[in-house]
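Report on one structure; see the data block that follows.
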Amino acid sequence: MIKVSIIGAASYAGGELIRLLLAHKDVEIVHLTGNTYAGQDICAVFPYLQGGIRHEIIALTEENRAQIIAGSDLLFLIMPHGQASGMAKAIWDAGKKAIDIGADFRFADAGVYEQWYKVKHQSPELLPEAVYGLPELYRKQIAGARLVGNPGCYPTASILGAYPLLREGLIRDNSVIIDAKSGVSGAGRTPSSGNIYAAATQNMKAYGVAGHRHTPEIERILSDISGKPQVINFTPHLTPMARGIHSTIYADLRRSVSGQELTELYKNVYAGEPFVRVHDHGCWPESKWSSGSNLCHIAVTADKRTGRVIVCSTIDNLLKGAAGQAVQNMNLMCGFAENTALPLTPVYP
């Protein structure tokens with residue numbers, strides 16, 4: 001049994017993390033923090049948890065931070081950019097484990113992080129110790145880690161979709177184009193003029209065009225896979241659905257290959273992966289197929305007319321794109337079965 005705390009528990013990802021951990025037989029939730037809702041019972045913030053958990057949300061202060069860390073074996077950090085890096089240093093110095101669900105530990109270079117996120121990294125000396133938390137690529141490193149940077153939702157779907165192509169050297173350098181769509185929950189719980197119902201329903205819009213901060217995260221891992229720098233085009237879109245990521249990836253092929261051959265390659269690469277489903281050629285995944293699960297659904301084909309490959313990859317942005325992947329990483333870090341407490345069957349329709 002391990003004791004865990006969630007810093008930033010009143011977020012959408014925090015609510016999903018609580019829901020998953022309540023089903024984990026080897027975990028006890030000991031602290032929940034959230035400054036906006038400090039003093040409230042978590043069930044007042046998330047009434048659907050009524051009867052499942054009794055915890056007051058406390059404000060994270062300098063006075064109680066050390067106490068929270070001392071009473072926890074592992075902490076999940078769901079904090080504004082730039083804040084988790086400071087908290088992680090205290091956790092590291094106390095000899096405890098941390099999973100950052102934000103972006104502070106997704107980069108090897110503090111300068112790149114600061115350029116794209118416009119905040120100062122408080123613990124650059126910890127970046128070499130942090131492992132990128134995508135188990136399908138870095139499972140062994142995660143199992144031995146004390147600090148994990150949970151990937152972003154768009155990067156998770158996009159990297160898993162492109163990985164076999166780069167691993168096998170099938171596509172031309174710097175030819176990857178990613179057109180991705182997200183549900184409104186990806187914008188978080190705080191209302192804004194762009195994500196309220198009247199603005200988001202019956203509407204679709206691109207944002208962060210030619211400058212979204214997930215771009216360097218994706219480029220870093222694709223470069224790691226290929227062994228040489230990769231520059232991509234990444235364009236995200238907000239869609240009128242509550243949750244989900246649908247990523248369509250295009251790239252120039254180095255040689256002629258059939259869609260069926262590519263499908264067989266993907267099935268071989270992901271054989272035995274508990275949370276990746278590669279579909280038969282011609283069967284294209286939909287965002288709802290991942291909803292409420294920790295699954296990534298993938299399909300691939302070749303367009304012989306243009307000489308390009310096309311991949312579609314879907315995940316639930318709050319599960320495999322956030323809380324589910326964090327639990328998957330926790331399981332690896334703590335020696336539990338990797339699929340413990342993680343749903344394999346989606347909610348449909």
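The values are calculated or read from the model by the stated rules, or taken from the named source; none is laboratory data. Bear in mind that the values here come from a model prediction, so they are computed numbers and not experimental data. Counting neighbours? That spans all protein chains shown, and the Cβs are built from the backbone with ideal geometry, glycine included.
Quick notes on this one:
- Test: residue in segment 46-61 that is of a type outside the set (S, T, N, Q) and closer than 19 Å to Ala94 by Cβ: yes
- Which listed residue is within 25 Å of Gly244 (Cβ to Cβ), within 14 Å of the chain's Cα centre (by Cα) and in the same structural domain as Arg254 (by TED's automatic domain parsing), from Ala157, Ala210: Ala157
- Set Ile53, Ile69: member being among the β-branched types (Val, Ile, Thr) and assigned to a loop (DSSP other than H, G, I, E, B): Ile53
- Taken as a whole, segment 124-145 holds at least one residue that is touching a residue at least 40 places away in the same chain (Cβ under 8 Å) and among the β-branched types (Val, Ile, Thr).
- Residue in segment 165-182 that is within 20 Å of the chain's Cα centre (by Cα) and at positive phi present: no
- Within the option set Glu168, Glu63, Glu125, Glu114, being farther than 21 Å from Asn329 by Cβ and either touching a Gly at 6+ places or on another chain (Cβ under 8 Å) or not assigned by TED's automatic domain parsing to the domain that holds Ala38 (or both) holds for one residue only, Glu168.
- For segment 72-94, the candidate set comprises residues that are part of a loop (DSSP other than H, G, I, E, B) and touching a residue at least 40 places away in the same chain (Cβ under 8 Å); within that set, the residue that is farthest from Thr36 (Cα to Cα) is Asp73.
- When restricted to residues that are under 19 Å from Asn268 (Cβ atoms) and more than 17 Å from the chain's Cα centre (by Cα), segment 285-309 contains 6.
- Selected residue (only one of Leu17, Leu32 is buried (at least 20 other Cβ atoms within 10 Å of the Cβ) and part of a helix (DSSP H, G or I)): Leu17
- Taking segment 98-122 as the range and being buried (at least 21 other Cβ atoms within 10 Å of the Cβ) and not in a helix (DSSP H, G or I) as the test, the residues that pass are Ala98, Ile99, Asp100, Ile101, Gly102, Ala103, Asp104, Phe105, Arg106, Phe107, His121.
- Checked against the criterion of being more than 29 Å from Cys296 (Cβ to Cβ) and either outside the structural domain of Pro216 (by TED's automatic domain parsing) or at pLDDT below 95 (or both), the candidates Lys140, Lys89, Lys97 yield just one match: Lys89.
- Residues of segment 268-284 that are hydrophobic (A, V, I, L, M, F, W, C) and under 17 Å from the mean Cα position of the chain (by Cα): Phe275, Val276.
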